[in-house]
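Below is one structure, written out as C-alpha cells; the observations come after it.
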Amino acid sequence: MKILALETSAKAVSAAVSENGRILASGYQDTGLTHSRTLMPIVEHILKNTDLKLSDMDAIAVAVGPGSFTGIRIGVSAAKGLAFSVDKPAVGVSTLAAMARNVAFADGLIVCAMDARRSQVYNANFSAENGVLTRLTPDRAVSLDELAEEIRNDPRPITLVGDGAHLVYARFTEQGIPCRMAPPHLIMQNATSVALEAEALAAQGKLASAQELEAFYLRPPQADPLKKKPAPIQ
C-alpha cells in the first residue's frame, strides 16, 4: 500500500511517501516560509524523484491535529484536494499519535507534547514495548503541572517528544521527575511518522473520503466559537 502523507501542524512542513512500512521518500522544511508556499513543491519533488504519480497512491494521509490552526487548515485542505482529484481515500491522523512513532523503539512511557501556550501542552501519553505502542490517554490540552502530577510516580523510563518537549522537560526536571528528550532528529513531528501511523489505520479499515476528512482542534481559534469536531481516527 502506497501512502502520501502530509504534516503541517507546526512551524515545520513535511511530506512523505511510504509503501508497506517502508519510507520511499520524504521532504522536510523549517525555514519560516508559509506552508501554503512550501508544501506542494515538496510533494511534487518527492513524487517526481520516486517516479510516482499521485494516482499511484492508495491513500492520502494528513496530520489533522492538534496543532497550529492555520497549519492544520492548510494541510487538511491540501489533503482533501489531492484525494478528491484522484478519487482516493484519506486518512486523518492524530499529530500526537504520529509523533509517538518517532520513538516507538524507546521502551517505557512516551510523553508527546506540543506547545499550546497558556502554560499548557497538547498531550497524549503512550507506552512502548518492543516497538508496539499502546495509547494511555486521549489527545488533550493539559497544564504542565497537571501532567507532572499525573505521571510523578510512574516507574517507567520517560521519553519526551514534540515541539513542547522542552517545556515538559524543564517542568519535570524542576519537580525532580527523571526524563529524557528524544534525539534531535526524532523530536519533531514529521510526515514519515504520519505515513506509518496512517498505514496502521488503513490496515484496520479506518479510511475516509475526501469530503469526510476534518481538522481536529482541542481548543477553538480565538476568533471562532467552540465547535465540536470528530476526533481523529485512533
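The values are calculated or read from the model by the stated rules, or taken from the named source; none is laboratory data. Everything quoted here is computed from the prediction, not taken from an experiment. Cβ atoms come from the backbone with ideal geometry, glycine included; neighbour counts cover every protein chain shown. The accessibility values were calculated without ligands, DNA or RNA, using every heavy atom of the protein model including side chains. Shrake-Rupley method; radii C 1.70, N 1.55, O 1.52, S 1.80 Å.
Computed quantities for the displayed model
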| read-out | value |
| --- | --- |
| Residue among K2, K53, K80, K88 that alone is at pLDDT 95 or above and surrounded by fewer than 16 Cβ atoms within 10 Å (Cβ to Cβ) | K53 |
| Hits in the stretch 91-125 - residues which are small (G, A, S), without any contact (Cβ under 8 Å) to a residue 60 or more places away in the chain and surrounded by fewer than 23 Cβ atoms within 10 Å (Cβ to Cβ) | A104, G108, S119 |
| Residue in the stretch 55-71 that is under 28 Å from V132 (Cβ atoms) and of a type in the set (D, E) present | yes |
| Helices (runs of 4 or more DSSP H) completely within the stretch 1-117 that count 1 or more residues being in contact with a Leu (Cβ under 6 Å, 6 or more places away or on another chain) | 69-85, 95-100 |
| Candidate set: the stretch 29-48, residues that are of a type outside the set (V, I, T) and at pLDDT 95 or above; chosen: the one nearest to L196 (Cα to Cα) | L47 |
| Residues of the stretch 31-40 satisfying the condition of being in contact (Cβ under 8 Å) with a residue 24 or more places away in the chain and not hydroxyl-bearing (S, T, Y) | H35, L39, M40 |
| Enumerated strands (runs of 3 or more DSSP E) restricted to the stretch 126-200, each holding at least 3 residues that are open to solvent by 60 Å² or more (accessible area, probe 1.4 Å) and either modelled with pLDDT under 95 or out of contact with any Lys or Arg (no Cβ under 6 Å at 6 or more places or on another chain) (or both) | 132-135 |
| Filter result (modelled with pLDDT of 80 or more and either outside any loop (DSSP other than H, G, I, E, B) or basic (K, R) (or both)) within the stretch 204-234 | K206, A208 |
